[in-house]
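Encoded as structure tokens, the structure appears first; notes follow it.
The values are calculated or read from the model by the stated rules, or taken from the named source; none is laboratory data. Only a predicted model underlies this, so the values are computations on that prediction, with no experimental measurement involved. Note that each Cβ is placed from the backbone with ideal geometry, even for glycine, and that neighbours are counted across all protein chains shown. SASA here: full protein model, heavy atoms, side chains in, ligands and nucleic acids out. Shrake-Rupley method; radii C 1.70, N 1.55, O 1.52, S 1.80 Å.
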Amino acid sequence: MPLLNKVRTVPGATGGDTATHPLSRLRVALTLFFALDGFLFAGWVVRIPAVKQQTGASAGDLGLALLGVSAGAVITMTLTGRLCRRYGSHAVTVATAVLLSLSVALPALTRSPLALGLVLLVFGAAYGGINVAMNSAAVDLVTALRRPVMPSFHAAFSLGGMIGAGLGGLLAGGLSPTAHLLGLTVVGLALTATAGPVLLRHPSPAPPPESLAPATGPRDGRSGGSRRIVLVFGVIALCTAYGEGALADWGALHLEQDLGAHPGVAAAGYSVFALTMTAGRLSGTALLERLGQTRTLVLGGATAAAGMLLGALAPSIWATLLGFAITGLGLANIFPVAVARAGAVAGPGGVATASTLGYGGMLLGPPSIGFLADWFSLPVALTTVAALAAGAAAMGYWARNAGAARPSGT
């Protein structure tokens, strides 16, 4: 198996000894922003059924409105890289966190599908911006730490999503969407005020001297071969993030509408998914060291495909929840591995491309599910998550030798 497929550790590196105090503070602060992103996003998605009813939207109307999130995010993602180069990824992370915290309250104030779509443009712009900025900051920090800790940041996102979904489930029966989402705004602004100054005081860390040595082969992503490989890993990220976005926006509605679950139980669907994804990512470094990146991609995709078939087609609530849990475990580490492999092939440009494609999948999945649900049914639409997860596994195996000329510690 190529060396790229095995995660390397720096000789003599143990625990947190490899990081200086400023790097440790940056890691904690950045982890909090990943968690906040997941928390706010999950807080919104568990209230989608209530907002759908409030606006009188059909499944197709809701799909169009959710397209506002996608459109806003895609536009912002194409610009955020330039903003990070000009102002620094830390400053952009803080600014977009403020915008995300403010905009999460807007959907509950709407009374029509059109108004919902318009405010979701703003929410999507903030969501897309913070995800690109955070991942750019995380890549710099991982390089400086010389440890494969990228899964830990994504674990924080999943943990935040689990907490946000769990809290939303508890509040769904007794608190209006307006009060709930306004509360999320307060929490988001408070956490940004706490962690933001750490990022603003410290610039992005410089890479260690040995990482600046010339690599074998082109790493700027401009060669045809590099572009193709980066696109493959970007599509892998897209296929798996599609599933995460689909479950976030439609999982609760599937449980409530198709299986008759109580709103609190329906909200628990995404919470279960986020819980297993968090557990998978917390163990991601150990899994990568044991199995390697290719096996992690292939086994993860196959597991997610099986889990989502169960989650979409099972006739009972508890079997569906089990399917969601298996899906989360399977998808857990595919996105971080795909982004790391793209970076190994083409450097920071590869990371940016794969991240943008991946988060684009998360945002394009929900409206696609909505349209398919109108044409067929929601359970049938959700089986596309399984199909794309299986496709990600196949592409991961096909690209198993990509970037073998350059070892990577990520």
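Check Leu182, Leu191 and return the single one that is under 21 Å from the mean Cα position of the chain (by Cα), modelled with pLDDT of 75 or more and among the aliphatic types (A, V, I, L, M). Break it down into steps so the answer makes sense when it comes.
Numbers: Leu182 fails: under 21 Å from the mean Cα position of the chain (by Cα).
Of the residues listed, the single one that is under 21 Å from the mean Cα position of the chain (by Cα), modelled with pLDDT of 75 or more and among the aliphatic types (A, V, I, L, M) is Leu191.
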>> Quick check on my filter: what residues within segment 63-97 are crowded, with 18+ Cβ neighbours inside 10 Å, touching a Ser or Thr at 6+ places or on another chain (Cβ under 8 Å) and in contact (Cβ under 8 Å) with a residue 60 or more places away in the chain?
In response: Gly63, Met77, Gly81, Gly88, Ser89, His90, Val94, Ala97
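Residue-wise test of (1) in contact (Cβ under 8 Å) with a residue 60 or more places away in the chain; (2) of a type in the set (D, E, K, R); (3) more than 22 Å from Ala42 (Cβ to Cβ).
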| residue | (1), (2), (3) |
| --- | --- |
| Gly128 | yes, no, no |
| Asn131 | yes, no, no |
| Ser136 | yes, no, yes |
| Leu141 | yes, no, yes |
| Arg147 | yes, yes, yes |
| Ser152 | yes, no, no |
| Phe157 | yes, no, no |
| Gly160 | yes, no, no |
| Leu167 | yes, no, no |
> Hey, among the residues in segment 257-279 that are touching a helix residue (DSSP H, G or I) at 6+ places or on another chain (Cβ under 6 Å) and among the polar types (S, T, N, Q), which one's nearest to Leu329 (Cα to Cα)?
Replying inline: Thr276
>> For segment 287-316, give me each residue that is more than 20 Å from Ala338 (Cβ to Cβ) and either open to solvent by less than 10 Å² (accessible area, probe 1.4 Å) or not in a helix (DSSP H, G or I) (or both).
In response: Gly311, Ala312, Ala314, Pro315, Ser316
>> So for segment 102-113 (the condition being under 21 Å from the mean Cα position of the chain (by Cα), among the aliphatic types (A, V, I, L, M) and open to solvent by 30 Å² or more (accessible area, probe 1.4 Å)), does at least one residue qualify?
In response: yes
>> Go through segment 273-283 and report how many residues are at pLDDT 85 or above and closer than 14 Å to Val45 by Cα.
In response: 1
